[in-house]
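Contents: one structure, followed by commentary.
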Amino acid sequence: MTNNQGEIQNIYIARQPIFRRTTKVFAYELLFRSGYENFTDPKLNGESTTSRVMINSFLVMGLRRLTEGKRAFINFNNPMLIKQYPALLPREDIVVEILEDVIVTPELISSCRRLVDMGYMLALDDFIYKPEFDPLLKLSRIVKFDIRAMSMSELARDVEKVTPFNVKLLAEKVETREEFAATREMGFHFFQGYFFCKPEIITGREIPPSKVQYLQLLRMIQDENYNFRKIADLIAHNVSLSVKLLRYVNSAAIGLRTKVKSLQTAIALIGELNIRKWLSLIMLSLMAEEKPQELIKLSIERAGFCSRISADLPGKKQDDGVFFIVGMFSLLDVLLDQPMEVILKDLNLADDVLDCLLGRSKGILFQTLALVKAYERGDWDNMEHWAGHLEVDTEKLPGYFDEALKEVRAFYLGD
């Protein structure tokens, strides 16, 4: 994509899941850097350039690919709403988020009403009740509350005020299971935040026997001395694993020109390292059966993102497999509701991986994982901070992120 000087301009887009009460994903909020900031940059020569920036951002990354067919929550300010910019995007694919700092005028209300008449879904972002917002409440389907911006009593008060408008409630920045439970009890329908990737550790709880078995397989797979033939035999003697592997190899994300029908051919094509990676992800998914599917997606995304960043690190070539493991295992404590140190003592992991996952070292693995976490949250300042430490070219990160999402899609085609 180019700016008005004809220079190449990268687009940074992160996504955050929005969950239903069942912890199934309802939508993703898309978080922009540079592309989105430029929407209101007067140097970009007005409405026509702004429109191109927005459209190009979706042509480059692919809206439905980013959100896996779910809706995309996208922020719009006063000028963009009045100029009907949301209408440039398919109404069935987006939720129009009205920013909290909009000035409610007859012109804005009329513009929002036109969007609703065209079939667009409106949401009020970071909402704090004021009577002047009543006309927008009548037009909106969803109201988002930042639960960190007010006390629980203030939240309950505002929820009571918007209840007559028959809107769905979305709790934003939910960081713990307790907050998830409290807002759900309060009547909220949707939830956004990282409560789903924080461990709920209960003292004395043991890992269930079935999950111990998966952990043992993980340990076997991570053993550098483990025989590749035994791994292949393990897959060949398990019908479910065999089918998953063939689907994975034949998925569009792998990019093979011809379909693979033989299990032996599939194993040979993928190779020892990738078979071990894939089997590790399968074991993780089995351990996460009672958890939100987004946890495994996030584990796969982090694994792929970390391994791709490793190729861009200065100095000698890094072992991308180690970086893959760090990303993949970064949520093990959440999957098993056990302290990380308890889980890791049963796995054959290198000392530098253990030091990273246990926070004992702030070395290159830790910094890479921190960079990936910052990107996935749309925390662009910290992204720049960690990229600077690692001397990573930030212009390559959107491509790495897109490749990591492809890895997620490829894995789930085999599910």
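The values are calculated or read from the model by the stated rules, or taken from the named source; none is laboratory data. Here the structure is a predicted model, which is why all the values come from computation and not from measurement. As a convention, Cβ positions derive from the backbone with ideal geometry for all residues, glycine included, and neighbour counts pool all protein chains shown.
Can you list the helices (runs of 4 or more DSSP H) found entirely within region 304-415 that contain at least 2 residues being surrounded by 21 or more Cβ atoms within 10 Å (Cβ to Cβ), in the same structural domain as residue 216 (by TED's automatic domain parsing) and out of contact with any strand residue (DSSP E or B) (no Cβ under 6 Å at 6 or more places or on another chain)?
Details: elements: 320-328, 332-336, 340-344, 351-357, 364-376, 380-390, 397-413.
Here the list reads 320-328, 332-336, 351-357, 364-376, 380-390, 397-413.
Just give me the residues in region 78-87 being among the aliphatic types (A, V, I, L, M), over 11 Å from residue 120 (Cα atoms) and free of Cβ contacts under 8 Å to residues at least 40 places away in the same chain, in sequence order.
Kept after step one, since they are among the aliphatic types (A, V, I, L, M), are these residues of region 78-87: 80-82, 87.
Right, trim to over 11 Å from residue 120 (Cα atoms) and you get 80-82.
The answer is 81, 82.
Just one of 392, 372, 408 is of a type in the set (A, V, I, L, M, F, W, C) and touching a Leu at 6+ places or on another chain (Cβ under 8 Å); which is it? Before you say what the answer is, go through the steps one by one.
On the way: 372 fails: touching a Leu at 6+ places or on another chain (Cβ under 8 Å); 408 fails: touching a Leu at 6+ places or on another chain (Cβ under 8 Å).
Selected residue: 392, the only one of 392, 372, 408 that is of a type in the set (A, V, I, L, M, F, W, C) and touching a Leu at 6+ places or on another chain (Cβ under 8 Å).
Could you say which residue among 169, 137 is at pLDDT 95 or above and within 19 Å of residue 22 (Cβ to Cβ)? Let's see the steps before the verdict.
On the way: 137 fails: within 19 Å of residue 22 (Cβ to Cβ).
So the residue among 169, 137 that is at pLDDT 95 or above and within 19 Å of residue 22 (Cβ to Cβ) is 169.
Within region 287-301, does at least one residue satisfy the condition of being among the aliphatic types (A, V, I, L, M) and over 30 Å from residue 209 (Cα atoms)? Even if it seems obvious, please write down each step before you answer.
In the first step, residues of region 287-301 are kept if they are among the aliphatic types (A, V, I, L, M); the result is 287-288, 295-296, 298, 300.
Restricting the remaining residues to those that are over 30 Å from residue 209 (Cα atoms) gives none.
No, region 287-301 contains no residue that is among the aliphatic types (A, V, I, L, M) and over 30 Å from residue 209 (Cα atoms).
So, in region 403-415, exactly how many residues are among the charged types (D, E, K, R) and at pLDDT 90 or above? So that I can check it myself, show each step before the final result.
Restricting attention to region 403-415, the residues satisfying the condition of being among the charged types (D, E, K, R) are 403, 406-407, 409, 415.
Still in the running and at pLDDT 90 or above: 403.
Residues meeting the conditions: 1.
In region 130-151, how many are loosely packed, with under 14 Cβ neighbours inside 10 Å and of a type in the set (Phe, Trp, Tyr)?
Qualifying residue count for the region: 0.
Just checking, which of 97, 179, 172 is surrounded by 14 or more Cβ atoms within 10 Å (Cβ to Cβ) and in contact (Cβ under 8 Å) with a residue 60 or more places away in the chain?
97
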